[in-house]
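These notes are about the structure you will find just below.
The values are calculated or read from the model by the stated rules, or taken from the named source; none is laboratory data. Everything numeric in this text was worked out from a predicted model, so none of it was measured. As a convention, Cβ positions derive from the backbone with ideal geometry for all residues, glycine included, and neighbour counts pool all protein chains shown. Side chains included, ligands, DNA and RNA excluded: accessible areas come from the protein's heavy atoms. Shrake-Rupley method; radii C 1.70, N 1.55, O 1.52, S 1.80 Å.
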Amino acid sequence: MEIIVLLLRQNLVMFVYLMIGYFLYKKNLVSAQGSADIGRILLYIVMPTAILKSYLADFSPERLKGLFVSFLASLLSLLLAIAVARAAFSKEQGIERFGAAFSNAGFIGIPLVQMTLGEEAVFYVSSFVALLNILQWTYGLVTITGDRSLVSVKRLRTNPIILSFLAGIALFLLPVSLPAAAENVIGTIASMNGPLAMIVLGVYLGQVSLRSLFSGRVVYRCTLVRLVVIPVLTMALMYVFPAKYHMLKLTVLIAASAPVGSNVAIFAQLYGQDYMQSVKEVALSTLLCIITLPLILGIANYIL
């Protein structure tokens, strides 16, 4: 019951941030281009810093083992989500395949994990976020565009999320520590992740009329697959891992139960796909996850 209350409380806070973004856009205080600029700050600075911060922890064999388990659990969860999305949508529905398969684990998953399960849990969710980015920039890019030539090693090698993940692992494994001032800067920047991400999503929401947001079967089907079908199947998958990894399993489940990732809108805009359709799916799933996430995690907290 406690985790449900915590999630409801944090979802309420994040909903307030969402509404701030919505009204900023409606009052012409932030433009769509402005939100895209904030999105780039999140992608290149804030999210990588949040991931890096999660690895500023003392090394221990137990943590190292947990890291391997979280990597495996995250990989299996993401492969499951891809398979479900492929089964639910046709090849021509690339936006829905991408949106259903890839959650907003970075923008929403990390803040929720941090607020409900603590800093220790962020250590484990970072594996999910890094793998999510690798799959988005390979399988996801081909899915949404149909162009295999867009996938390159260079894109992965320079991806800020992947670089911060590797840097964080190095800091965790090596017997070094950062100066206190550097850790303070990292902590301050990392704390911006939740508010900024939700403000950007609020701007997305402001671009869609509420009437069109709540119409269209495909949007509802994508939201249902992303918020209910995949989380329930992921919960069943997590059940096979030992009970001693309870917190780790909840961490992966939160990331897997997050709404449609905002990258689907970014990719759609960059590569000339149906941008407004992708924005609808991001916005609707973000609103409805306020209800679904606490329910999924409340059930999981008792059975995992």
Residue-span extension gain [Ile291 to Ile186] - 0.36 nm each, minus C-alpha spacing: 34.6 nm
Which value, in debye to the nearest 20, describes the size of the charge dipole of segment 173-304 about its Cα centre when Lys and Arg Cβ atoms bear +1, Asp and Glu Cβ atoms bear -1, and nothing else is charged? 360
Accessible-area value, Leu150, 1.4 Å probe, nucleic acids and ligands omitted, Å²: 40
Given Cβ point charges of +1 (Lys, Arg) and -1 (Asp, Glu) and nothing else, what value in debye, to the nearest 20, does the dipole of the chain about its Cα centre take? 560
Met115 - accessible surface, heavy atoms, 1.4 Å probe, Å² rounded to 10: 70
Between the helical axis of 275-303 and the dominant principal axis of the chain, each derived from Cα atoms, what acute angle in degrees is found, rounded to the nearest 10? 40
Potential extension, Val240-Val228 segment - 0.36 nm per residue separation minus Cα distance: 2.4 nm
Taking the dipole about the Cα centre of segment 164-304, with the C-beta of Lys and Arg at +1 and of Asp and Glu at -1, give me whichever of Gly261, Ala181, Ser164 is farthest to the positive side. Gly261
Tabulate in residue order the Karplus-calculated ³J(HN,Hα) for segment 47-60, using 6.51 cos²θ - 1.76 cosθ + 1.60 with θ = phi - 60°, rounded to whole Hz; enter x for Gly and Pro. 5, x, 5, 4, 5, 4, 4, 5, 9, 7, 10, 5, 5, 8
If I stretch the segment between Val142 and Ser60 completely, what's the gain in nm (0.36 nm per residue apart, minus their alpha carbon distance), one decimal? 25.6 nm
May I ask you to order 139-147, 22-30, 91-99, 170-178 by the average number of other C-beta atoms within 10 Å around their residues, highest value first? 91-99, 139-147, 22-30, 170-178
Per the Kirkwood treatment, what hydrodynamic radius in Å, one decimal, follows for the chain from the mean inverse distance over all distinct Cα pairs? 19.2
Chymotrypsin sites (Phe, Trp or Tyr not before Pro) within segment 267-301: DSSP coil, no more than 15 neighbouring Cβ in 10 Å: Tyr271
What are the ³J(HN,Hα) values, in whole Hz, obtained from phi via the Karplus relation 6.51 cos²θ - 1.76 cosθ + 1.60 with θ = phi - 60°, for each residue of segment 121-136 in sequence order, with x given for Gly and Pro? 6, 4, 3, 8, 5, 4, 4, 4, 5, 5, 5, 4, 5, 4, 5, 5
